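Chemist: Attaching a single structure in structure tokens format; questions to follow.
No lab work stands behind these numbers, since they all come straight from the coordinates. Values in this document were obtained by computation on a predicted structure and should not be read as measured data. Cβ: placed from backbone, ideal geometry, glycine included. Neighbour counts: every protein chain shown.
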Amino acid sequence: MNYFIQIFGCQMNISDAQRIAGLFDSQGMSAAAKPEEVDFFVAIMCSVRQMAADRVFGLEQRIKLIKKNNPKAVTILTGCVIESDKKRFEGIFDRILNIKTLGNWPIILDLGPNLAENDYFRILPRHDQDFSSLIPISKGCDNFCSYCVVPYTRGPLVSRPANDILAEVQRAVAGGAKEIWLLGQNVNNYHFGKINFAKLLRAVDSIPGEFWIRFTSPHPKDFNEEAVLAFAQCEKATPYLNLPIQSGDDAILKAMNRPYAVKTYTDLIKKLRAAFKNYRKGLEREIAISTDVIVGFCGETKLQFNNTAKIFREIRYDMAYIAEYSQRPGTAAAKLFDNVPIKEKQRRKKAIDRIVKTTALANNKKYTQKTVEILVDSVKNGYALGKTRSYKTVKFPVSGYPAKPGDIVNVKITKVMAFGLLGKICDEK
Ligand code: SF4
């Protein structure tokens, strides 16, 4: 029997997919090359935005084809599925399963007995790319941001035992991982016994081996001084941070149930930048910062949006994931009036995009003619794509050089753009 897993959304969903694949593999199944010819088709739904949820509807034709090819095929929807989603998707999928019950899927799906270790965290994941490992350190979230379904679909925050996390990191590094992503919906609210996020970061950093540490997604309210210091001092932790701001206006943050003021956020950015200046050398002294922002949230006036634009100019982000607000049924914000017209949301998105393009390009100028380490992601048609430690995408020719995914190579940057760098392989640092 075989299976195909389709992912919508974030790295948490990719991590879920790796654990689902690990579970199916343990049942003697194999991954299918084509989604249309499978025994089990799994779609993992995204958490935050309704537009992402709507994309799941686009699977209807694919599912019809799967059923035509194999009437006995089982189609499953999982991930962040709320009650009102269930009603909409019941007619499309055979099963809607809670990802929290993954350890019980063998019985639920009639595959055989459940695993001896059926705790979600203890299901061994299958890593397709051995050089990059996604390691969940917690699941769920207690924050109830008013636009988000995660606390309803994934439940309260549960932190994983630190020893289990460290063992999984050690296994991944022994298996060739060069990049470790520590994952959690509210990653820096990790706490297990006396181990908080800062202590966990230091413990992962002290694991022997040559690898980079990244983490996502942190909440500004949980980034305390101890975490700022640990992040800057841990040498394997890379100088890149995605720190969601969501809005640059205090009243909108309040309506979003994001419990921090804009000033607290900007002060935190200053602390992070200062810490990296104090503890790092060379290009690492400047941490690259990206963010998530929602434009056109319920009631957002032009003035309030302008506050967000102003903060973006001040912070000078390297990247931003910009979402036009879309109502997600079941959330607190769904009860508010979604009053900003779509065209105005689009205009605001474009305006933020223009600011980020300008600041990102200015930030990237420091890379010109500098030699940087690149972790190669892919190689195609004589070119490699990879990431700097600061999470910048770099493209460079590899003719005559046997670069492959997972290699760390030195590349001299020859041209910079807003969201990418060009370079050539270089032997010297
Ligand atoms: S912090 Fe907010 S946006 Fe992030 S998962 Fe929790 S509720 Fe959702």
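Chemist: In sequence order, what are the phi-derived ³J(HN,Hα) couplings for region 384-393 according to the Karplus relation 6.51 cos²θ - 1.76 cosθ + 1.60 with θ = phi - 60°, rounded to whole Hz, with x for glycine and proline?
Modeler: 10, 10, x, 10, 6, 4, 8, 6, 8, 7
Chemist: Still on this structure: Step through the residues of region 407-417 one at a time and calculate ³J(HN,Hα) from phi using the Karplus curve (6.51 cos²θ - 1.76 cosθ + 1.60, θ = phi - 60°), rounding each to whole Hz and writing x for Gly and Pro.
Modeler: For region 407-417, the Karplus-derived couplings read 6, 10, 10, 8, 10, 8, 7, 10, 8, 10, 10 Hz, x marking Gly and Pro.
Chemist: As a test, work out the antiparallel percent of DSSP beta bridges whose residues both lie in the chain, rounded to the nearest 5. Could you put the intermediate results ahead of the total?
Modeler: Numbers: 25 of 63 bridges.
The antiparallel proportion sits near 40 percent.
Chemist: Check cross-link reach from Lys365 to the aspartates and glutamates: straight Cα distance under 16 Å, and skip same-chain residues fewer than eight apart.
Modeler: Of all the aspartates and glutamates, those that pass the test against Lys365 - Cα under 16 Å, at least 8 places apart if same chain - are Glu284, Glu286, Asp318.
Chemist: Something else about it: On alpha carbon coordinates alone, what is the Rg over Rh value for region 122-365, Rh being the Kirkwood radius?
Modeler: Numbers: Rg = 18.6 Å, Rh = 19.0 Å.
Using Cα coordinates only, the ratio equals 0.98.
Chemist: For region 2-120, just the Cα atoms, rotate onto the principal axes and tell me the three extents in Å, largest first.
Modeler: 37, 31, 23
Chemist: If each of Lys302 and Asp250 carries a label point 7 Å out from its Cα toward its Cβ, how far apart are those two points in nm?
Modeler: It is 2.4 nm.
Chemist: Straight-line reach only, C-alpha to C-alpha below 19 angstrom: list the aspartates and glutamates that Lys380 could link to, leaving out same-chain residues fewer than 8 apart.
Modeler: Correct list for Lys380: Asp128, Asp130, Asp407.
Chemist: Say we join alpha carbon atoms closer than 10 Å with springs in a Gaussian network model of the chain; which of Gln170, Gln27, Gln61 then has the biggest fluctuation?
Modeler: Its mean-square fluctuation being the largest, the pick is Gln61.
Chemist: Report the gain in length on full extension from Arg122 to Thr393: 0.36 nm times residue separation, minus Cα-Cα distance, nm rounded to one decimal. Numbers along the way, then the final one.
Modeler: Details: separation 271, 0.36 × 271 = 97.56 nm, distance 3.29 nm.
Stretched out fully, the Arg122 to Thr393 stretch lengthens by 94.3 nm.
Chemist: Moving on. In terms of Cα to Cα distance under 18 Å, which aspartates and glutamates are near enough to Lys72, apart from those fewer than 8 places away along the same chain?
Modeler: In chain and number order, the partners are Glu36, Glu37, Asp39, Glu60, Glu90, Asp94, Asp110.
Chemist: Step through the table entries Lys387/Lys412; Lys199/Lys236; Lys199/Lys277; Lys178/Lys281; Lys270/Lys310; Lys86/Lys254, compare each Cα-Cα distance with 23 Å, and write down the pairs that go over it.
Modeler: Details: Lys387/Lys412 13 Å; Lys199/Lys236 14 Å; Lys199/Lys277 21 Å; Lys178/Lys281 21 Å; Lys270/Lys310 16 Å; Lys86/Lys254 30 Å.
Listed pairs above 23 Å: Lys86/Lys254.
Chemist: Taking the Cα centre of region 115-271 as origin, sum charge times position over the Cβ atoms of Lys and Arg (+1) and Asp and Glu (-1), and report the length of that vector in debye to the nearest 20.
Modeler: Working: 18 positive and 17 negative charges, 45 e Å.
Charge dipole, region 115-271, about its Cα centre: 220 debye, nearest 20.
Chemist: Treating the chain as a set of equal point scatterers at the Cα positions, no solvent, please give the Debye-formula log₁₀ I(q)/I(0) at q = 0.08 Å⁻¹.
Modeler: Here the Debye-derived log intensity ratios amount to -0.47.
Chemist: Mind checking region 270-302 for trypsin sites (Lys or Arg not before Pro) that DSSP puts in a loop (not H, G, I, E or B) and that have at most 13 other Cβ atoms within 10 Å? Write down the numbers at each step before the final one.
Modeler: Working: sites: Lys270, Lys271, Arg273, Lys277, Arg280, Lys281, Arg285, Lys302; in loops: Arg280, Lys281.
Those satisfying the criteria are Lys281.
Chemist: Among DSSP beta bridges lying fully in region 122-365, give the percent that are antiparallel, nearest 5. Intermediate results must be reported in sequence, preceding the final value.
Modeler: On the way: 4 of 25 bridges.
Percent antiparallel among DSSP bridges in region 122-365 is about 15.
Chemist: Based on the alpha carbons, how large is the Rg to Rh ratio for region 368-425 when Rh follows Kirkwood? It would help to have the intermediate numbers written out before the result.
Modeler: Values: Rg = 9.9 Å, Rh = 10.9 Å.
Radius of gyration relative to Kirkwood radius: 0.91.
Chemist: For region 2-120, what is the relative contact order in percent, using Cα pairs closer than 8 Å and at least 6 residues apart in sequence? Spell out each step's value before the answer.
Modeler: On the way: 176 pairs, mean separation 28.7, N = 119.
For region 2-120, the relative contact order is 24 percent.
Chemist: Which residue, Ala237, Ala33, Ala384, has the most motion in a Gaussian network model of the chain that connects Cα atoms within less than 10 Å?
Modeler: With Cα springs under 10 Å in the chain, the top fluctuation among Ala237, Ala33, Ala384 is at Ala33.
Chemist: Under a Cβ-only charge scheme (Lys and Arg +1, Asp and Glu -1), can you give me the dipole magnitude of the chain about the Cα centre, in debye to the nearest 20? Intermediate values should be presented prior to the final figure.
Modeler: On the way: 64 positive and 44 negative charges, 321 e Å.
With only Lys, Arg, Asp and Glu charged at Cβ, the dipole is about 1540 debye.
Chemist: Within 10 Å, at most 15 other Cβ atoms, and a DSSP state outside H, G, I, E, B define an exposed site. Report the longest part of the chain free of exposed chymotrypsin sites (Phe, Trp or Tyr not before Pro).
Modeler: Numbers: sites that count: Phe144, Phe337, Phe419.
Longest stretch, sites excluded: 145-336.
Chemist: Where does the chain land at 222 nm, in deg cm²/dmol rounded to the nearest 500, when only DSSP H runs of n ≥ 4 count, each adding -39500 (n - 2.57), divided by all residues? Don't jump to the answer; show the numbers that get you there.
Modeler: Numbers: 13 runs with 140 residues, N = 429.
Calculated at 222 nm, the ellipticity per residue is -10000 deg cm²/dmol.
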